[in-house]
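Down below is the structure, laid out as structure tokens.
What follows is calculated from the coordinates using simple rules that are stated; it is not laboratory data. What you see is a predicted model, and the numbers here were worked out from it, not measured in a lab. Heads up, the Cβs are rebuilt from the backbone with ideal geometry, glycines too, and the neighbour counts pull from every protein chain shown.
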Amino acid sequence: MHRILLTRLAQGHRTNRMPNVAPPLPDRFRGLPVLDAKACASGCRACEAACPTGAISARKGLHLDLGKCLFCTACTDACPTGAVRFTGDHRLAVSDRKDLRIDSGEGLVLAEAMGKELRRVLGRSLRLRVVSAGGCNGCEVDVNVLQTIVWDLSRFGIQYVASPRHADGMVICGPVTRNMDLAVRKTWAAIPEPKLAFAVGACAISGGPYAGQKEQLGGAAEVVPVDYFIPGCPPHPLTILDGFLRALGRMPDQKTARKA
Amino acid sequence: MMSGNLARVSNGAALPLKKVPKLSPGAFRDCVIASVASGSRLVALCADEKLQLFAIMADDEAGILGMARTALSKPAYPALTPECPAAQLFEREMAEQQGLLPEGHPWFKPVRGHLPGRPGPDPFGRKPAEVLAGLIPFYRVEGTSIHEVGVGPVHAGVIEPGHFRFQCLGEEVFHLEIALGYQHRGIERALLGGPHAATLKMMESAAGDTTIGHTWAYCQNIEALSGIAPGPRASLIRAIALELERLANHTGDLGALAGDVGFLPTSSFCGRIRGDWLNLSALLCGSRLGRDLVRPGGVGFDLDGDRCLELRTRMEKAWAETQAAVNLLWQAPTVMQRFERVGLLTGEQAQEIGAVGPAARASGLRLDVRLQHPLSGSSQSLIPHGWDDPAGSGGDVFARAWVRWREMHHSIDFLSKAVSALGALGEGKKAERRDRPALGANQVCLSLVEGWRGEIAHLAVTDAGGAFSLYKVIDPSFHNWSGLALAMRGGQISDFPLCNKSFNLSYCGVDL
Ligand code: SF4
């Protein structure tokens with residue numbers, strides 16, 4: 001007992017200060033990309049050829065679908081003129097799938113908070129059922145880590161629950177394999193209304209590297225109505241938490257973070 | 001002892017296909033069975049789309065790998081499983097993937113719930129609506145007091161899907177059957193004719209918690225088949241990343257084991273410290289899971305002097321905290337009482353099913369790719385061997401926990417030597433990115449990496465155009481899931497979460 005208490009003291013207080021202060025990210029972290037069509041050399045389209053998922057297009061300007069992007073920087077490496085750049089901005093969650101398609105010089109229209117009535121019901125206590133549907137255990141790892149003392153998800157009133165009947169929403173990872181189709185539908189049906197769905201990671205948004213494979217359905221929105229999309233491969237835990245908190249209207253920058 | 005009919009191969013070295021002896025189906029079968037009977041291990045048994053079978057055998061003590069092949073004239077052959085149980089899942093897999101019928105297979109059931117890629121009848125005779133994961137004829141113990149417990153595919157936590165079917169008498173488990181395939185996304189089928197644009201990303205996400213292990217195995221094949229060597233610096237950075245991946249996952253596993261017996265201090269400390277290890281991978285490449293670090297021909301990011309220094313400082317801190325957190329575990333009699341003599345997998349059982357990795361070592365088997373089939377130029381000889389400690393060979397939950405703990409010490413030893421060795425290699429220069437170089441035609445290459453769960457095996461065969469005519473991915477979990485089923489026999493069903501965690505196997509790595 002003695003030893004446990006001493007160890008506890010030595011391990012110290014480790015919970016970060018979200019939502020007011022974001023913990024530091026590694027310098028090599030790749031967040032929101034910025035496109036510069038003016039720098040784009042005419043018609044080389046080397047980025048398209050390099051991209052594993054067809055996320056980037058250099059036809060009539062530069063366009064990137066963050067829902068497909070794996071943040072692998074193959075496009076950046078292929079581009080002779082530096083027209084694609086990845087910033088350290090971790091905020092990527094949106095509430096409209098269309099908002100993930102970004103154009104040159106554009107920022108991201110970040111996720112809107114859920115409606116007032118929903119917030120009254122779920123705002124202080126959001127229970128989520130996490131379902132892995134063909135995920136690689138990458139998104140699952142970074143969704144799960146939010147429960148550790150560093151992130152302490154429950155201080156925001158958010159909890160992962162075992163039974164869909166106790167849940168207010170579902171978090172889906174993976175492209176939704178054919179073999180998980182039924183399980184995802186049944187889990188969704190078992191969650192009482194009103195309810196929310198979060199698609200976490202490139203696979204759950206677009207099928208990711210598996211898009212087009214006949215063994216999967218191309219993302220969560222093919223099966224359930226998705227309210228929030230959190231891109232990445234996998235998204236950093238900070239990006240995921242930011243998405244959850246945005247849904248609850250709890251991010252301090254939420255009034256200001258709008259398309260310029 | 002290895003049969004003379006096998007072609008000797010080395011880890012990560014390409015070989016012209018014609019150098020692999022093409023045996024008659026009978027001689028092929030005898031060769032595999034005789035090798036296994038004399039103590040060799042079945043690393044892989046697989047088929048291409050043209051009824052050609054490949055077998056890979058390992059004599060681990062002698063550090064020898066051998067390969068044989070045969071061509072069938074029809075999609076059926078006498079099963080190997082009755083004489084070689086380690087072949088059971090491989091043969092079921094070939095039936096489901098290539099439609100090959102293993103005649104006389106005693107446990108003939110689908111593996112993942114999909115139809116064969118090769119045209120022809122489904123060997124399992126399923127109706128279209130029955131081709132789904134989990135639709136298999138489960139074993140059933142009959143009797144008035146027997147009850148059946150089904151769990152999954154959706155489990156009670158943030159876990160991948162799978163279905164577990166228990167046959168119980170009260171608390172006692174007579175039998176556990178595990179049905180997987182829910183995460184099947186068609187990776188191996190997609191690899192045919194490749195490498196394609198998305199191939200590298202599929203390898204990184206074959207088992208996303210083992211990104212470095214699988215991607216390294218893949219890149220080693222690509223490098224051997226294209227003649228591009230990664231160079232000592234890149235190899236060393238890969239080896240550093242591999243051990244960081246091991247440390248993160250072993251820390252997480254020890255914490256989770258503590259959690260499953262209700263010992264919260266270690267559970268909550270390790271949950272956090274695991275993140276610190278993952279953040280060291282992010283220091284290397286920006287991704288906590290090591291995405292985009294390992295690439296054909298080298299690594300995406302170098303580790304300069306300053307970064308090495310930061311790595312060393314943070315590693316030492318994380319290690320000190322890990323030790324403080326984990327040592328509480330061994331000092332708690334209540335924990336030891338729950339870990340010991342639970343979930344027993346004997347050495348004979350482990351050998352029979354072809355178990356690998358920490359789970360096999362915890363049952364007393366001596367196998368570790370890093371020592372016995374080292375990767376070329378990876379300096380993995382710096383890893384001390386782990387079987388000096390009889391405490392961790394009892395085959396129970398305790399042994400599987402203890403083996404991980406010993407391995408973490410070895411990883412730390414390695415890392416501190418490797419970081420110094422990296423400094424001595426001089427600065428790295430950024431190589432041009434070549435994710436898909438041209439591959440040699442009609443070649444075969446086997447690549448093994450000791451991931452944190454055990455041996456990762458990738459087998460690549462190219463056709464006359466240098467495209468994959470076969471690409472086999474074998475996650476260690478493929479061998480080890482049946483170990484979990486055996487370990488539950490005669491145990492209490494309430495011990496399942498603990499036993500399951502002590503193996504901590506991958507679903508997506510098997511489902512592919
Ligand atoms: S970073 Fe995104 S857009 Fe660029 S190549 Fe990779 S997946 Fe494609």
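Given A:K68/A:K214; B:K74/B:K201; B:K19/B:K472; A:K98/A:K195; A:K214/B:K472, which pairs have Cα atoms separated by over 28 Å? Don't skip to the answer; put the middle values down first.
Numbers: A:K68/A:K214 17 Å; B:K74/B:K201 35 Å; B:K19/B:K472 19 Å; A:K98/A:K195 21 Å; A:K214/B:K472 19 Å.
As for pairs spanning more than 28 Å Cα to Cα, those are B:K74/B:K201.
Between A:V109 and A:T87, what FRET efficiency comes out of the Förster formula 1/(1 + (r/R0)^6) with R0 = 25 Å and r the beta carbon distance, rounded to 0.05?
Rounded to the nearest 0.05, the efficiency is 0.95.
Using helices alone, I'd like the mean residue ellipticity at 222 nm for chain A: each DSSP H run of four-plus residues gives -39500 (n - 2.57), total over residue count, nearest 500.
On the way: 8 runs with 60 residues, N = 260.
The helix contribution divided over chain A gives -6000 deg cm²/dmol.
Taking each residue in B:149-158, count the Cβ atoms of any other chain within 10 Å of its Cβ, then average. What number comes out?
Mean partner-chain Cβ count within 10 Å for B:149-158: 6.
Under the rule of -39500 (n - 2.57) per DSSP H run of 4 or more residues, summed and divided by the residues of chain B, what mean residue ellipticity at 222 nm is obtained, to the nearest 500 deg cm²/dmol?
Details: 16 runs with 206 residues, N = 512.
Mean residue ellipticity at 222 nm (helix-derived): -12500 deg cm²/dmol.
With a Förster radius of 22 Å, plug the Cβ-Cβ distance of A:A162 and B:E171 into 1/(1 + (r/R0)^6) and report the FRET value to the nearest 0.05.
Numbers: r = 21 Å, r/R0 = 0.96.
Once rounded, the FRET efficiency stands at 0.55.
Under 11 Å from a label point 7 Å along Cα→Cβ of A:R185: give me every residue in segment B:101-121 with its amide N that close.
Taking a point 7 Å out along Cα→Cβ of A:R185, no residue of segment B:101-121 has its backbone N under 11 Å.
For a test of the definition: using alpha carbon positions, the gyration tensor, and the 1.5 limit on a/c, classify chain B as rounded, prolate or oblate.
Values: a/c = 1.65, a/b = 1.05, b/c = 1.57.
Cα axes put chain B in the oblate bin.
Each residue of segment A:21-26 in turn: what ³J(HN,Hα) in whole Hz from Karplus with 6.51, -1.76, 1.60 and θ = phi - 60°, glycine and Pro shown as x?
Using θ = phi - 60°, the values come out as 10, 7, x, x, 10, x Hz.
So what are the ³J(HN,Hα) numbers for segment A:241-251, from phi and the Karplus equation (6.51, -1.76, 1.60; θ = phi - 60°), rounded to whole Hz, Gly and Pro as x?
For segment A:241-251, the Karplus curve yields 4, 4, x, 4, 5, 4, 4, 7, x, 9, 7 Hz.
Please list, ordered by chain and number, the residues whose modelled amide H lies under 5 Å from the amide H of A:D89; skip anything fewer than 5 residues away on the same chain.
A:G31, A:L32
Can you say what percent of the DSSP beta bridges in the protein assembly as shown, counting only those with both residues inside, are antiparallel? Round to 5.
75 percent
Only Lys, Arg, Asp and Glu count, each charged at its Cβ (+1, +1, -1, -1), so figure out the dipole size of chain B about its Cα centre, rounded to 20 debye.
I would put it at about 1100 debye.
Using a 10 Å cut-off around each Cβ of peptide B:286-299, what is the average number of partner chain Cβ atoms that fall inside? Please report the intermediate quantities before stating the final value.
Details: counts 12, 11, 9, 8, 0, 8, 8, 1, 0, 2, 0, 0, 0, 0.
Partner Cβ neighbours, averaged per residue: 4.
Under a crude label model (7 Å from the Cα following the beta-carbon direction), how far is B:E310 from B:L72 in nanometres?
5.4 nm
Please list, ordered by chain and number, the residues whose modelled amide H lies under 5 Å from the amide H of B:A44; skip anything fewer than 5 residues away on the same chain.
B:I56
Pull up the cross-link candidates among the lysines for A:K38, meaning alpha carbon to alpha carbon under 17 Å and not fewer than 8 places away within one chain.
A:K60
On a straight-distance basis, which aspartates and glutamates could pair with B:K50 in a cross-link, Cα separation under 13 angstrom, same-chain partners fewer than 8 positions away excluded?
B:D463
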